[in-house]
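Working notes for the structure below.
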Amino acid sequence: MLLDPTPVKAVVFDYGNTLIAFGREQVDQFDALLLEAVTAEFGPPDPAQYKARRDADRMFPYQGDPPSYRENDVREMTAGLIREVYGREPSAETLDRLIAVRQEAFVRVVRGEPQVLDVLARLSARYRLALLSNYPDGDAIRASLDDTGIAPFLKHALVSGDLGLCKPHPDVFRAALDALALPPEAVLFVGDNWLADVQGARRAGMQAVHFRRWIPPEHFPEQPGDLTPHATITALEELASLLGV
């Protein structure tokens with residue numbers, strides 16, 4: 001299957017491991033910064049219990065048969081961590097502090113790359129660009145987009161934490177199409193996650209490019225009956241070439 005740029009009027013990107021690196025290294029850095037804040041509030045937790053809860057939170061949207069793809073509520077998720085690890089109910093003020101730490105930690109561990117900005121600048125001259133990201137805190141994503149310099153290139157930035165559902169849920173992709181006011185055949189989706197991005201976009205009727213530069217912390221192997229991407233790339237510069245810009 002080959003990508004056809006002819007009908008494409010907009011390009012929608014995933015964020016983590018597509019426009020920025022957010023693999024195991026960044027996840028571990030984030031969890032360490034959150035752990036510092038939690039320890040300052042409540043004392044040292046059991047490390048294994050803390051890690052198990054953090055890993056369970058990341059996989060929560062994909063639980064069930066079939067999965068609900070319901071996104072974590074960042075406030076309830078943070079409170080649940082304290083309840084499970086410490087057996088205590090955090091105050092509203094403590095939750096406010098921890099959520100602020102989460103947002104600051106995300107911005108701190110994410111790094112932008114000049115070549116990404118160059119590709120986005122080239123693409124934005126011809127296409128409408130948008131973001132559709134799985135992450136429980138939309139404010140953290142928006143702060144990171146500002147910090148990396150990516151925000152000015154995007155017409156829309158949609159985040160699962162605001163929508164209440166995660167990719168590959170069809171309603172998430174419908175929200176992106178509604179924001180762009182375009183039919184699915186006019187939108188190209190670029191993402192790293194086989195399930196959330198490739199399958200979600202293909203099932204929504206979009207063309208899909210599988211980005212494979214980084215290894216995502218959540219791995220979803222190919223399943224029988226899965227749809228194939230229209231292209232596979234390992235650098236965003238390849239996307240520009242595919243689209244002729």
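For the chain, which whole-number percentage of the solvent-accessible area (1.4 Å probe, protein heavy atoms only) is attributable to carbon and sulfur atoms? Walk me through the numbers before you get to the answer.
Working: 5820 of 11090 Å².
Within the chain, the accessible surface is 52 percent carbon and sulfur.
Surface exposure of the range 142-245, expressed per residue as accessible area with a 1.4 Å probe, stands at 43 Å².
Report, ordered by chain and residue number, the lysines lying within cross-link reach of LYS9, taken as a straight Cα distance under 20 Å and ignoring same-chain residues fewer than 8 apart. Here the lysines satisfying the reach criterion relative to LYS9 are LYS155.
With R₀ set to 41 Å, the beta-carbon distance separating ALA100 from ALA181 gives a calculated FRET efficiency near 0.70.
Under 5 Å from the amide H of SER133 lie the amide H atoms of LEU158, VAL159, SER160, each residue being 5 or more positions distant or on a separate chain, with H modelled from the backbone and absent for Pro and chain starts.
How big is the dipole moment of the chain about its Cα centre under a simple scheme where the beta carbon of each Lys and Arg is +1, that of each Asp and Glu is -1, and everything else is neutral? Debye, nearest 20, please.
Values: 25 positive and 36 negative charges, 109 e Å.
That gives a dipole near 520 debye.
Entry for the range 1-131 at q = 0.10, 0.17 Å⁻¹: log10 I(q)/I(0) = -0.47, -1.00, Debye formula applied to identical alpha-carbon scatterers, no solvent contribution. The figure for ARG108 is an accessible area of roughly 150 square angstrom, using a 1.4 Å probe on the protein chains alone. Each label was represented as a point 7 Å from its Cα along the Cα-to-Cβ direction; for LYS9 and GLN63 these points are 4.2 nm apart. Panel values: the range 144-245, Kirkwood radius from alpha carbon pairs, Stokes-Einstein at 37 °C and 0.692 mPa s, translational diffusion coefficient 226 µm²/s.
Between the range 74-120 and the range 134-199, how far is it from one alpha carbon centroid to the other, in angstrom? Rounded to whole Å, the Cα centres lie 19 Å apart. Across the chain, the fraction of Cα-Cα pairs farther apart than 25 Å, rounded to a whole number, is 42%.
The VAL245 and ASP139 beta-carbon pair, evaluated with R₀ = 35 Å, returns a calculated FRET efficiency of approximately 0.65. Across the range 82-87, rounded Karplus estimates of 3J(HN,Hα) from the backbone phi angles (6.51 cos²θ - 1.76 cosθ + 1.60, θ = phi - 60°) give 5, 4, 6, 7, 10, x Hz, Gly and Pro being marked x. Placing unit charges on each Cβ (+1 for Lys and Arg, -1 for Asp and Glu) gives the chain a dipole about its Cα centre, and among ILE141, PRO152, ALA240 the Cα reaching farthest toward its positive end belongs to ALA240.
The values are calculated or read from the model by the stated rules, or taken from the named source; none is laboratory data. All values derive from a computational prediction rather than experimental measurement. Note that we place each Cβ from the backbone using ideal geometry, even for glycine, and neighbour counts take in every protein chain shown. Ligands, DNA and RNA are excluded from the accessible area calculation, which covers all protein heavy atoms including side chains. Shrake-Rupley method; radii C 1.70, N 1.55, O 1.52, S 1.80 Å.
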